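Remarks on the structure that follows.
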Amino acid sequence: LFKFDQKEKNTLLGNRKDYWDYFCDCLAKVKGANDGIRFVKSITELRTSLGKGRAFLRYSLVHQRLADTLQQCFMNTKVTSDWYYARSPFLNSKMSSDIVGQLYELTDVQFDLAS
């Protein structure tokens, strides 16, 4: 879902950016929402953007913050439209609200995932 209709972006060195970079752009200035970003950046074994994105999703699930995190990102329409094309469900208010609603139901589930 995070890769669907995502615009292709690359770093200066030519490495492909992924949804990890989208999360970083969205949450960099959101107070309290960047704990997961700091945690993932502290894991030296993670080298790719995709691996960091997966670790961030695991962190968010374990700490029951995935719905809140995505809601913060979806509210930042400027960054979201910079990262995704118009067909993305993240840019459709009905679909994004359905996604967040479904993810809020996951907060009742205790995840024990290795970082």
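The values are calculated or read from the model by the stated rules, or taken from the named source; none is laboratory data. Predicted, not measured: the structure shown is a model, and the values here were computed from it. Cβ sites come from the backbone with ideal geometry, for glycine too, and all protein chains shown count toward neighbours. Each accessible area value is taken on the protein alone, full model and side chains, heavy atoms only, with ligands, DNA and RNA left out. Shrake-Rupley method; radii C 1.70, N 1.55, O 1.52, S 1.80 Å.
Quick notes
- Taking each residue as 0.36 nm, the span from Lys3 to Lys41 lengthens on full extension beyond its C-alpha to C-alpha distance by 11.6 nm.
- Computed over region 9-105, relative contact order equals 26 percent, with contacts defined as Cα pairs under 8 Å that lie 6+ residues apart.
- Averaged over its residues, region 1-62 has an accessible area of 61 Å² per residue, based on protein heavy atoms and a 1.4 Å probe.
- Rounded percent of accessible protein surface that carbon and sulfur make up, the chain, 1.4 Å probe: 52
- Each Lys or Arg adds one and each Asp or Glu subtracts one; over the other residues with Cβ under 15 Å from the Cβ of Ser42, this totals +3.
- Sorted peptide list for 68-80, 30-42, 101-113, criterion being average Cβ within 10 angstrom, highest first: 68-80, 30-42, 101-113
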